[in-house]
C-alpha cells in the first residue's frame with residue numbers, strides 16, 4: 001500500500017455537515033489559551049501557528065509513510081514523536097494520540113498494525129486540517145471577533 005499518495009476519505013457523519021465531521025478534531029479552547037502570547041498590533045498568532053502546523057504536519061505525514069515503506073521504524077518513530085508534540089500543543093488530541101500509538105507500536109518493528117495506525121493517522125490528520133482551516137478562515141474573515 002502506498003501511503004505517501006494516499007488521500008483518505010473524510011469521515012462523514014450521518015448528517016454530512018462539515019461541522020459534524022470536524023467538531024472534535026481540534027480543541028479550539030487550546031488555541032484560545034495561546035492567544036495570551038499575542039502582542040497588540042501584530043498579525044494573528046493563531047493563524048501563524050496554524051499555517052506552520054499545516055505545513056509541518058503535511059511534511060511529517062509524508063515522511064512517516066515513506067519511512068514505513070522503507071521499514072525504517074526508528075525514523076518513523078521520530079517523526080511520530082515530533083508530530084505528536086505539535087499536535088498536542090495546538091489541540092489536535094486525536095492526531096497526537098495516534099502518533100503516540102505509532103511510537104509504541106513501532107517498538108516491536110514494522111508491522112501491519114503500524115500500517116493500520118498510519119491510515120487512521122492520515123484520516124484523523126485530514127479532519128484536524130479541516131478544523132484548522134475553518135478556524136483560520138474565521139480569524140481572517142473581515143469583521144470576525146478574535
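The values are calculated or read from the model by the stated rules, or taken from the named source; none is laboratory data. This structure is a prediction, so every number in the text was calculated from the model and none was measured. A quick note on method: Cβ atoms are made from the backbone with ideal geometry, for glycine too, and the neighbour counts reach across all protein chains shown.
Computed quantities for the displayed model
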| item | result |
| --- | --- |
| Test: residue in the stretch 78-85 that is part of a helix (DSSP H, G or I), at pLDDT 95 or above and closer than 15 Å to residue 129 by Cβ | yes |
| Residue match in the stretch 109-122 (condition: part of a helix (DSSP H, G or I), touching a helix residue (DSSP H, G or I) at 6+ places or on another chain (Cβ under 9 Å), within 22 Å of residue 43 (Cα to Cα) and modelled with pLDDT of 95 or more) | no |
| Pairs, first touching a residue at least 12 places away in the same chain (Cβ under 8 Å) in the stretch 38-54, second assigned to a helix (DSSP H, G or I) and surrounded by fewer than 17 Cβ atoms within 10 Å (Cβ to Cβ), C-beta under 7 Å, six or more apart | 44/139; 46/34; 46/35; 46/139; 47/139; 47/140; 49/34 |
| Any hit, the stretch 59-81, residues being touching a residue at least 60 places away in the same chain (Cβ under 8 Å), crowded, with 21+ Cβ neighbours inside 10 Å and under 10 Å from the mean Cα position of the chain (by Cα) | yes |
| Any chance residue 50 is out of contact with any strand residue (DSSP E or B) (no Cβ under 7 Å at 6 or more places or on another chain), more than 27 Å from residue 33 (Cβ to Cβ) and assigned to a helix (DSSP H, G or I) | no |
